[in-house]
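**Student:** After the structure tokens below, expect a handful of questions from me.
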Amino acid sequence: QSFGSGAEFAVSSKEAEVDLALAGRNYDRVMELVQGEEVKLRPEHIEAIKSSEYGRKKELLHLVAKRYVKSNKFDKAIDIFVELKDNKMALKAMIKGKKIAQIIQFVNFARQDDLYEMAANFLQTTKLTYDDATFKCICSFYSKSKCFTRLVDFLLAFSVSEFESSNYENCFELLDRAQKLMPKVDATSQMHYTARIRTDNELLEALMNA
């Protein structure tokens with residue numbers, strides 16, 4: 001029977017060190033181990049940390065969650081961040097894991113402006129079709145966070161995409177939606193956007209009437 005690789009031995013050795021540190025309630029040592037080389041923490045390790053009275057417990061759990069993100073164990077990371085009530089880091093883990101449905105559900109539950117904006121920014125990078133569920137969420141999130149300039153930019157960028165696909169009716173609708181948001185953006189942006197929307201509408205009308 002093989003003794004295994006040196007790397008496997010190193011990992012098991014580090015796990016044993018974590019076992020000893022937790023048994024002796026030496027949480028500073030656990031912190032050092034987690035900060036250093038990659039350590040595979042078992043569920044019982046996490047529970048021992050959570051149930052401890054260690055003064056830097058939140059910091060240690062935060063570090064563990066970041067390790068989970070780094071190793072693509074997003075669900076474990078999200079669970080810890082949520083338990084720590086660190087909604088921003090929880091959302092970042094969801095975004096890195098591309099958990100679209102979970103992102104939408106979480107942000108709607110959290111109701112924080114910064115999370116609405118973060119989620120909308122990410123959702124723009126996913127596959128969208130005009131007025132589908134994700135598209136509607138983006139519009140809703142930007143509206144709820146009062147990021148109207150970002151919303152206008154999104155609508156205009158999407159109108160270009162629809163134009164390139166020859167979906168001219170959708171272009172008209174997107175430009176109209178952007179125009180209706182003009183009272184909610186600053187005066188300088190309003191002038192810029194209004195001029196662009198007018199030009200785009202004129203181009204579309206010329207194409208439709210050709």
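The values are calculated or read from the model by the stated rules, or taken from the named source; none is laboratory data. Model, not experiment: these values are computed from the prediction. Cβ placement follows ideal geometry from the backbone for every residue including glycine, while neighbour counts extend to all protein chains displayed. These area figures cover heavy atoms from the full protein model, side chains too; ligands, DNA and RNA do not enter into them. Shrake-Rupley method; radii C 1.70, N 1.55, O 1.52, S 1.80 Å.
For (1) polar (S, T, N, Q); (2) modelled with pLDDT of 95 or more, each residue gets a yes or a no:
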residue	(1), (2)
Ala16	no, no
Asp19	no, no
Leu33	no, no
Leu61	no, yes
Tyr68	no, no
Ser71	yes, no
Phe74	no, yes
Ile80	no, yes
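**Student:** Can you tell me which residues in region 51-67 are touching a Phe, Trp or Tyr at 6+ places or on another chain (Cβ under 7 Å) and part of a helix (DSSP H, G or I)?
**Tutor:** Result: Leu60, Ala65.
**Student:** Do we have Ser165 as within 28 Å of Glu202 (Cβ to Cβ) and either among the aliphatic types (A, V, I, L, M) or at pLDDT 95 or above (or both) here? Walk me through how you get there before you give the answer.
**Tutor:** Numbers: within 28 Å of Glu202 (Cβ to Cβ): yes; either among the aliphatic types (A, V, I, L, M) or at pLDDT 95 or above (or both): no.
Criteria not met by Ser165.
**Student:** Residue by residue through region 117-142, note down the ones that are open to solvent by 50 Å² or more (accessible area, probe 1.4 Å) and among the small types (Gly, Ala, Ser).
**Tutor:** Ala133
**Student:** While we're on this one: Could you list, in sequence order, all residues of region 152-210 that are farther than 17 Å from Cys139 by Cα and in contact (Cβ under 8 Å) with a residue 40 or more places away in the chain?
**Tutor:** Phe163, Tyr168, Ser189, Tyr193, Arg196, Ile197, Asp200, Leu204, Met208
**Student:** Same structure again: What pairs come up if the first residue lies in region 23-37 and is farther than 12 Å from Arg56 by Cβ and free of Cβ contacts under 8 Å to residues at least 24 places away in the same chain, the second is of a type in the set (Val, Ile, Thr) and open to solvent by less than 40 Å² (accessible area, probe 1.4 Å), and their beta carbons are under 6 Å apart, counting only those six or more places apart or on different chains?
**Tutor:** What qualifies is Leu33/Val18; Leu33/Val39.
**Student:** Can you tell me which residue within region 172-210, out of those that are open to solvent by less than 60 Å² (accessible area, probe 1.4 Å) and among the hydroxyl-bearing types (Ser, Thr, Tyr), is farthest from the chain's Cα centre (by Cα)?
**Tutor:** Residue satisfying both the conditions and the ranking: Thr194.
**Student:** Please identify the pairs in which a residue from region 58-74 that is open to solvent by 20 Å² or more (accessible area, probe 1.4 Å) has its Cβ atom under 6 Å from the Cβ atom of a residue that is among the β-branched types (Val, Ile, Thr), counting only partners at least 6 apart or on another chain.
**Tutor:** Final answer for the pair search is Leu63/Val34.
**Student:** Out of Ser166, Ser159, Ser71, Ser143, which single residue is hydroxyl-bearing (Ser, Thr, Tyr) and in contact with a Cys (Cβ under 6 Å, 6 or more places away or on another chain)?
**Tutor:** Ser159
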